Amino acid sequence: MPDRDTSGNQITQDLTISTVSEADIIEERLGDEKPLGLWGDTWRRLKRNRLAVVGMCIIIVFIAVGSAEEIASLAGGYLAPYDPNEVNYALSPQGLGSPPSWSHPFGTDYLGRDVFSRVLVATRVSMLVGVIAVAIALIIGLTLGPISGYYGGWVDSVIMRTADVFFAFPFILFVLLLLTVLPPGFGSVFIAIGILGWASYARLNRGSVLSVKAMEFVEAARAQGASDLRIIFRHVLPNTMAPVYVAIAMGIGGAIATEAALAFLGLGIQPPDASWGKMISDNLTYLAAGSWWMLTFPSFFLVVTVFGFISFGNGLRDATDPKLKE
């Protein structure tokens with residue numbers, strides 16, 4: 001009997017030690033996997049979307065090139081290997097440009113200007129238009145949208161009916177109309193695009209504010225005597241920005257495409273400065289003569305850039321959508 005008790009106690013102790021050891025291992029493994037925050041979880045799902053990652057890489061490359069070109073222009077020079085506006089008729093036999101070569105990898109245009117240099121300079125123009133136009137739209141939209149959703153009533157009606165007026169007109173026609181009023185120049189392009197783009201951000205943010213303003217932390221801030229403006233821009237707005245980030249990525253791509261369309265129509269940036277849309281417009285007639293490089297490279301860069309922003313925006317939307325969470 002004593003031997004049997006001793007054996008039973010030993011088995012019990014072994015089971016206890018085994019159970020404790022397994023519990024320690026499980027606890028250690030769980031301890032290593034720290035819970036992810038909102039953006040950590042978003043990044044985890046975003047990087048699984050290969051198309052979105054490709055778009056993000058494209059955005060990083062083009063922003064880096066545009067920023068470097070902007071810094072070089074502020075210093076009075078160019079990142080490009082040649083002066084993009086330098087005319088050299090010797091490099092354009094019969095006025096049809098020259099095909100790609102080692103010295104001119106993208107060839108030259110009908111005036112003998114280096115196409116690669118002009119494409120690089122046009123990258124700076126497109127990035128500036130996209131970023132500044134969206135920034136203007138955000139400042140207006142993220143000021144009026146939260147105010148509209150927070151106060152409601154007649155304030156909401158006035159702001160949203162004004163937004164409806166902007167939605168009622170075709171965007172590109174509205175931009176053309178505004179450009180006829182503004183003084184000609186590059187700055188007028190992103191001002192026109194930015195002023196006419198605020199309604200989308202305002203309406204998008206207003207919908208989020210309507211669901212957030214009744215939450216407990218907003219009531220707590222109001223009970224502590226915080227002013228309405230402090231509650232709106234300190235407590236409500238930061239918690240409604242997730243869908244806005246998606247709209248920003250899509251909006252920059254749309255602004256770049258709009259600028260190219262305006263340049264194609266002869267508005268916006270003026271010769272001899274380079275713009276992808278302007279280069280496409282100027283070189284379109286030379287395609288039939290066999291000078292394909294003058295049209296191909298600016299078109300390719302425009303398509304790739306817009307694709308990058310839109311694919312990244314789509315991926316970010318899927319990554320932040322709670323309905324798609326695992």
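Worth pointing out:
- Residue-averaged 222 nm ellipticity for the chain, from DSSP H runs of 4+ at -39500 (n - 2.57), nearest 500: -23500 deg cm²/dmol
- Share of pairwise Cα-Cα distances greater than 19 Å in segment 86-136 is 38 percent (whole percent).
- Computed 3J(HN,Hα) for segment 193-201, one whole-Hz value per residue from the Karplus formula 6.51 cos²θ - 1.76 cosθ + 1.60 where θ = phi - 60°, is 5, x, 5, 8, x, 5, 4, 5, 5, glycine and proline marked x.
- Rounded to 10°, Cα long-axis angle of helix 242-264 versus longest principal axis of the chain: 10
- Amide H to amide H, with H built 1.01 Å from N, Thr108 comes under 5 Å of Ser98, Val115, counting only residues 5 or more places away or on other chains.
- Rounded to whole Hz, the Karplus (6.51, -1.76, 1.60) HN-Hα couplings of segment 129-144, x for glycine and proline: 4, x, 6, 5, 4, 5, 4, 4, 5, 5, 4, 6, x, 7, 9, 7
- Taken along its principal axes, the alpha carbon cloud of segment 161-252 reaches lengths of 51, 26, 20 Å, longest axis first.
- Relative intensity, log₁₀ I(q)/I(0), of the chain from a Debye sum that treats every alpha carbon as a point, q = 0.06, 0.08, 0.10, 0.12 Å⁻¹: -0.35, -0.53, -0.73, -0.94
- Ranked list, fewest to most other Cβ atoms within 10 Å of each Cβ, for Lys278, Lys47: Lys47, Lys278
- Annotation: peptides 138-150, 99-111, ranked by per-residue average of other Cβ atoms within 10 Å with the highest first, follow the order 138-150, 99-111.
- In terms of its C-alpha gyration tensor, segment 144-193 comes out prolate, because a/c is 1.5 or above and the ratio a/b outweighs b/c.
- Derived scalar couplings between HN and Hα for segment 46-63 equal 5, 6, 7, 8, 5, 5, 5, 5, 4, x, 5, 5, 4, 4, 4, 5, 6, 5 Hz in order, rounded to whole Hz, by the Karplus curve 6.51 cos²θ - 1.76 cosθ + 1.60 (θ = phi - 60°), x for Gly and Pro.
- Fully extending the segment from Met215 to Met241 would add 7.8 nm, taking 0.36 nm per residue of separation and subtracting the current Cα-Cα distance.
Throughout, read-outs are computed from the coordinates displayed, never taken from laboratory work. Only a predicted model underlies this, so the values are computations on that prediction, with no experimental measurement involved. All Cβ positions, even for glycine, are placed from backbone atoms using ideal geometry, and neighbour counts span all protein chains on display.
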